[in-house]
Amino acid sequence: MPLHEGPRRAAESRLSVNPFYGPANPLGDMAEAPPTHRLPDQPIAPATAHQLVRDELMLDGNARLNLATFVTTWMEPEAGLLMAECRDKNMIDKDEYPRTAELERRCVAMLADLWNAPDPSTAVGCSTTGSSEACMLAGMALKRRWAKRNADRYPGARPNLVMGVNVQVCWEKFCNFWEVEARLVPMEGERFHLDPQAAAELCDENTIGVVGILGSTFDGSYEPIADLCAALDALRERTGLDVPVHVDGASGAMVAPFLDEDLVWDFRLPRVASINTSGHKYGLVYPGVGWALWRDAEALPEELVFRVNYLGGDMPTFALNFSRPGAQVVAQYYTFLRLGRDGYRAVQQAARDVATGLAGRVEALGDFRLLTRGDELPVFAFTTAPDVTAYDVFDVSRRLREHGWLVPAYTFPANRQDLSVLRVVCRNGFSADLADLLAQDLERLLPDLRRQPRPLTEDKGAATSFHH
Ligand SMILES: *Cc1c(COP(=O)(O)O)cnc(C)c1O
């Protein structure tokens, strides 16, 4: 029984606009509710507009309970302040905002150093709106390099890109938009990401590159980038085909350098031509920033580069957009400066500790089988144990949602469409305390779930349409 009880009468709900929203006169203003799908005829007061928009947004989920997203949902107030101060700066106006341009340049230099570019002073790179744009740019560079090498056959020959079936949708977009054949290595048995040998076997004279993912959005595992490069080295010895590798490090390129220093996945491998990351994932910045870097100028064909005015000279740029906010780039520089290597290591280690701890607790419940343990990306995937027949992962996802938790359930792609999983993404801000509450909620649901006659989620189609 709740302690506070209001009147028993059903509350009357008549107003779509609260009279108080009229700034001066509660009786007179806002007699007419503004339309939602047509530009209103009349202006309204800013405070009223603010309140109306805000009220509607209350129904958005609680970001901290969203374990589906990789994207940063919390930054320090100081970062928020800087972003507010920079929201009017247009990234493309290098001439007008030379210091913002300089901060972008420093971020690229820091990443080139972090990812062990052979010569950070000759590595080239740029900020983007996220990894999707960065992947488009990297894919375009691969395609253009291939087209130049094969000028006698292209147009005519159809370029292809080799990657695991577990790639993020941005690679399907790239292949679709830029008319490149996607050659996908399927999952096999308990292997849920790219197999280096199978990738090498799919390569031919029209392969523009192979994408390796650090790590996979499906289960948080790192793909074996060094083995992939070795398989492609062997391919070159056998056939003369020299296929470059792009590393999609949307998440892992900001985790591995701090937590897995011995893992060789970056520009230390000569075959790695380019790397991307999402500044707004484990780069720890609010949505709207990614990075693409090429090991040297040779890896990025000069004719793709555009030049904009910069202090009387010009500055090279590579981007799909023209205008873009500068605030996220400033926030990235702030975060690099603020945390340094040790700070990033501490934050990512905390996320990994939460992920591995929670994975262990889920395993201990006995009803689930872990596919990954959160010890690569701070992300783990699990499914129901073989003897669990009363419910499935979709039921678990649906029931957790009743407690406010967003834990997606989805089916794996070829050749493991028989396997459906739940995935938990641990980010900065998802504390050990919150993980504790999630584990408790999950445990409390189990008796109910076990009593089900059979799995109950009817619309599995909708449930599996989750996008990675
Ligand atoms: C998130 C993600 C992307 C897309 O990145 P955005 O920053 O959301 O555009 C691409 N690849 C991988 C592996 C990802 O995890």
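The set of residues from region 179-197 being open to solvent by 70 Å² or more (accessible area, probe 1.4 Å) and at negative phi comprises L184, E188, E190, Q197. Of all positions in region 438-447, none carries a residue that is outside any loop (DSSP other than H, G, I, E, B), in contact with a helix residue (DSSP H, G or I) (Cβ under 6 Å, 6 or more places away or on another chain), surrounded by 21 or more Cβ atoms within 10 Å (Cβ to Cβ) and modelled with pLDDT of 95 or more.
For region 163-182, a tally of residues being of a type in the set (D, E) and not in a helix (DSSP H, G or I) returns 2. For region 251-263, the criterion of being of a type in the set (S, T, N, Q) and open to solvent by 10 Å² or more (accessible area, probe 1.4 Å) is met by none of the residues. Considering the conditions (1) more than 16 Å from the ligand (Cβ to nearest atom); (2) open to solvent by 40 Å² or more (accessible area, probe 1.4 Å), L300 is excluded by exactly one of them, (2).
Restricting region 209-240 to residues that are open to solvent by 40 Å² or more (accessible area, probe 1.4 Å) and either without any contact (Cβ under 8 Å) to a residue 24 or more places away in the chain or hydroxyl-bearing (S, T, Y) (or both) leaves a set whose member that is nearest to the ligand (Cβ to nearest atom) is R236.
Where residues in region 163-176 are aliphatic (A, V, I, L, M) and farther than 22 Å from V289 by Cα, which of them is farthest from the ligand (Cβ to nearest atom)? Taking the candidates together, the pick is V165.
Applying the criterion of being within 22 Å of the chain's Cα centre (by Cα) and open to solvent by 10 Å² or more (accessible area, probe 1.4 Å) to the residues of region 375-386, the residue that is nearest to G283 (Cα to Cα) is E376.
Pairs linking a residue in region 48-60 that is within 14 Å of A33 (Cβ to Cβ) to a residue that is assigned to a helix (DSSP H, G or I) and open to solvent by less than 100 Å² (accessible area, probe 1.4 Å), with Cβ atoms under 8 Å and 6 or more positions apart or on different chains, are T48/Y21; Q51/Y21; L52/Y21. Close Cβ contacts (under 6 Å, 6 or more residues apart or on different chains) running from residues in region 138-161 that are touching a residue at least 24 places away in the same chain (Cβ under 8 Å) to residues that are of a type in the set (D, E) comprise R158/E181; N160/E181.
Out of the residues in region 241-250 that are within 20 Å of K143 (Cα to Cα) and within 16 Å of the ligand (Cβ to nearest atom), state the one that is surrounded by the fewest Cβ atoms within 10 Å (Cβ to Cβ). By that ranking, first place goes to V245. Within region 415-436, being small (G, A, S) and not in a helix (DSSP H, G or I) holds for S420, G429, S431. Scanning region 317-336 for residues that are open to solvent by 20 Å² or more (accessible area, probe 1.4 Å) and in contact with a helix residue (DSSP H, G or I) (Cβ under 9 Å, 6 or more places away or on another chain) gives A319, L320, N321, P325, Q328, Y333, Y334, F336. Residue count for region 126-162, restricted to those that are within 16 Å of the ligand (Cβ to nearest atom), part of a helix (DSSP H, G or I) and either among the β-branched types (V, I, T) or open to solvent by less than 20 Å² (accessible area, probe 1.4 Å) (or both): 9. Please go through region 193-218 and pick out each residue that is out of contact with any Lys or Arg (no Cβ under 7 Å at 6 or more places or on another chain) and part of a loop (DSSP other than H, G, I, E, B). Passing the criteria: H193, L194, D195, C203, D204, E205, G215, S216, T217, F218. Considering only residues that are within 16 Å of the ligand (Cβ to nearest atom), touching a helix residue (DSSP H, G or I) at 6+ places or on another chain (Cβ under 8 Å) and under 25 Å from L377 (Cα atoms), which ones fall in region 177-198? Answer for region 177-198, where residues must be within 16 Å of the ligand (Cβ to nearest atom), touching a helix residue (DSSP H, G or I) at 6+ places or on another chain (Cβ under 8 Å) and under 25 Å from L377 (Cα atoms): V185, L194. Against the criterion of being of a type in the set (A, V, I, L, M, F, W, C), in contact with a helix residue (DSSP H, G or I) (Cβ under 9 Å, 6 or more places away or on another chain) and open to solvent by less than 10 Å² (accessible area, probe 1.4 Å), V169 does not qualify. Taking region 373-413 as the range and being within 19 Å of R427 (Cβ to Cβ), in contact with a Gly (Cβ under 8 Å, 6 or more places away or on another chain) and free of Cβ contacts under 8 Å to residues at least 24 places away in the same chain as the test, only R373 passes. A single entry from T411, T389, T457 fulfils the requirement of being farther than 28 Å from Y222 by Cα, among the β-branched types (V, I, T) and open to solvent by 30 Å² or more (accessible area, probe 1.4 Å): T389.
The values are calculated or read from the model by the stated rules, or taken from the named source; none is laboratory data. The shown structure was predicted, so the numbers you read here are calculated from the model rather than taken from an experiment. So basically every Cβ, Gly included, is an ideal-geometry build from the backbone, and we count neighbours across all protein chains shown. These area figures cover heavy atoms from the full protein model, side chains too; ligands, DNA and RNA do not enter into them. Shrake-Rupley method; radii C 1.70, N 1.55, O 1.52, S 1.80 Å.
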